[in-house]
Ligand code: 13P
Ligand code: SF4
């Protein structure tokens, strides 16, 4: 940690001078999560918090779609991302044109888009969802069939919890798709007491083995609620276990380590550069932004 200290000092100092706030996703490294972020959370928490930001500048420590969501909700603020290349395999899996074609092929079927998508895709959707609220969003239409795109595994996991028929797309998270049932069963065989908690971007054969499946916030709440001495296997990006160890001092975290290369592009030196040079600014075409904002706001308002 001493190696981080100068960066932490200058980032926190410049943050005030620039009237900036740092929003960090739960997958950011511990030095970002604990030492410089003002708000840390899952995608839904970050979207909700983005609506309440008082500062003029938002530094999004997460991936590009998260920064875009903050910009949609704060068109008059400056939204910066420390590395413009921080993408997401789910966001890359689908375009706005794909959504238009899906709508043509499925007339009258509501389109729910996971927030892990570009503004272009959100603009073509009826409403957004995150892994925290996907079941509630799908059921909010009161219809038999809904398109939930682009994460095939999230859609399959949601389908297990609702009577609504879910149509989907073939997008996958490159981090969560790598977990296998075999590896989890081997952990359980080695220690039958182990609590396995998984993110719903994992394949259904993985979530079928898990004791709990939920968003990163849901996973944190479940893990922190375990008794001292509990062993918890977090089936997700592995920075999260390091971030929450302090909140659950008696819990032993077992981390089959899959890192998100996009989240890991965000580093303290890059955050400092962002603040020094006010880069890299996330902009969205205003016409597209107006449509995309509606889809995000419908989701945020549903939660309230
Ligand atoms: P959460 O909304 O659960 O934080 O998930 C975001 C994400 O990108 C998971 O891979
Ligand atoms: Fe995208 Fe997966 Fe990385 Fe989350 S973990 S940002 S879904 S690639």
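The values are calculated or read from the model by the stated rules, or taken from the named source; none is laboratory data. These numbers were taken from a predicted model, which means no experiment stands behind them. All Cβ positions, glycine included, derive from the backbone under ideal geometry; neighbour counts span all protein chains shown.
Structure values in brief
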quantity	calculated
Test for residue 244: is it in contact with a helix residue (DSSP H, G or I) (Cβ under 7 Å, 6 or more places away or on another chain), surrounded by 14 or more Cβ atoms within 10 Å (Cβ to Cβ) and within 19 Å of residue 63 (Cβ to Cβ)	no
Enumerated strands (runs of 3 or more DSSP E) restricted to the range 186-260, each holding at least 3 residues that are modelled with pLDDT of 95 or more, touching a strand residue (DSSP E or B) at 6+ places or on another chain (Cβ under 6 Å) and under 25 Å from residue 158 (Cβ atoms)	195-198, 231-235
Count - residues of the range 64-104 that are within 16 Å of ligand 2 (Cβ to nearest atom), farther than 25 Å from residue 53 by Cα and part of a loop (DSSP other than H, G, I, E, B)	2
Single unsatisfied condition, residue 291 versus (1) over 30 Å from residue 196 (Cβ atoms); (2) within 16 Å of ligand 2 (Cβ to nearest atom)	(2)
Qualifying helices (runs of 4 or more DSSP H) (wholly inside the range 1-54; at least 2 residues being modelled with pLDDT of 95 or more and touching a helix residue (DSSP H, G or I) at 6+ places or on another chain (Cβ under 6 Å))	5-17, 30-35
Contacts under 9 angstrom Cβ, first residue in the range 172-200 being touching a residue at least 40 places away in the same chain (Cβ under 8 Å), partner surrounded by fewer than 15 Cβ atoms within 10 Å (Cβ to Cβ) and part of a loop (DSSP other than H, G, I, E, B), 6 or more apart	174/261; 175/259; 175/261; 194/211
Search result, residues across the range 160-175 that are buried (at least 16 other Cβ atoms within 10 Å of the Cβ), part of a strand (DSSP E or B) and away from ligand 2 (no atom under 16 Å from the Cβ)	166, 167
Test for residue 211: is it within 19 Å of the chain's Cα centre (by Cα) and either more than 15 Å from ligand 2 (Cβ to nearest atom) or in the same structural domain as residue 25 (by TED's automatic domain parsing) (or both)	no
Exclusive hit being within 16 Å of ligand 1 (Cβ to nearest atom) and either assigned by TED's automatic domain parsing to the domain that holds residue 82 or surrounded by fewer than 16 Cβ atoms within 10 Å (Cβ to Cβ) (or both), set 249, 261, 203, 192	261
